[in-house]
1. Under 8 Å by Cβ, and 6 or more places apart or on different chains, what pairs join a residue from segment 3-19 that is free of Cβ contacts under 8 Å to residues at least 12 places away in the same chain with one that is in a loop (DSSP other than H, G, I, E, B) and surrounded by 13 or more Cβ atoms within 10 Å (Cβ to Cβ)?
2. Every residue in segment 72-115 that is assigned to a loop (DSSP other than H, G, I, E, B) and not polar (S, T, N, Q), please.
3. If we scan segment 87-108, do we find a residue that is surrounded by 14 or more Cβ atoms within 10 Å (Cβ to Cβ) and at pLDDT below 85?
4. Name, by its number, the condition in (1) closer than 29 Å to residue 96 by Cβ; (2) at pLDDT 70 or above; (3) surrounded by 12 or more Cβ atoms within 10 Å (Cβ to Cβ) that does not hold for residue 47.
5. Return yes or no: is residue 42 on the phi < 0 side of the Ramachandran plot, among the acidic types (Asp, Glu), modelled with pLDDT of 70 or more and part of a helix (DSSP H, G or I)?
6. Quick check on my filter: what residues within segment 77-96 are out of contact with any helix residue (DSSP H, G or I) (no Cβ under 9 Å at 6 or more places or on another chain) and on the phi < 0 side of the Ramachandran plot?
Amino acid sequence: AGAAGYVYKDVDPDALAAAIRSVHAGHILLQPEVADALLTQEEANSGQSRGSSLTEREREVLGLIADGRSNREIARALVLSEKTVKTHVSNILMKLDLADRTQAALWAVRHGMTD
């Protein structure tokens, strides 16, 4: 929102004066808890934007991975070949920058892609 600093309202007067001088000098000042909250929010937003690059079919496959289904089970459920499912899984891992199916399943759960 354009703020260059954030302190709690119960900050002691000397710390407030130092914070004002610091921001006036061009520094950015955030309480550690505020910085953590902003980073957590940014990570969540980053994850959502990565997920938006998935195709509808990849989202379906990812949801089934999160349900614990094997490639064979996913292939049967979506009427696809196992090779096609493997391709979708590879694409999902690449697009989400994940190392394996377990990470993909956790990502899907964290981002509400399961039933």
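The values are calculated or read from the model by the stated rules, or taken from the named source; none is laboratory data. Values in this document were obtained by computation on a predicted structure and should not be read as measured data. No Cβ is skipped: glycine too gets one built from the backbone with ideal geometry, and neighbour counts run over all protein chains shown.
1. 15/7; 16/7
2. 79, 80, 97, 98, 99, 100, 111, 112, 113, 115
3. No, the conditions are met nowhere in segment 87-108.
4. Result: residue 47 passes all but (2).
5. When the stated conditions are applied, residue 42 does not pass them.
6. 87, 90, 94
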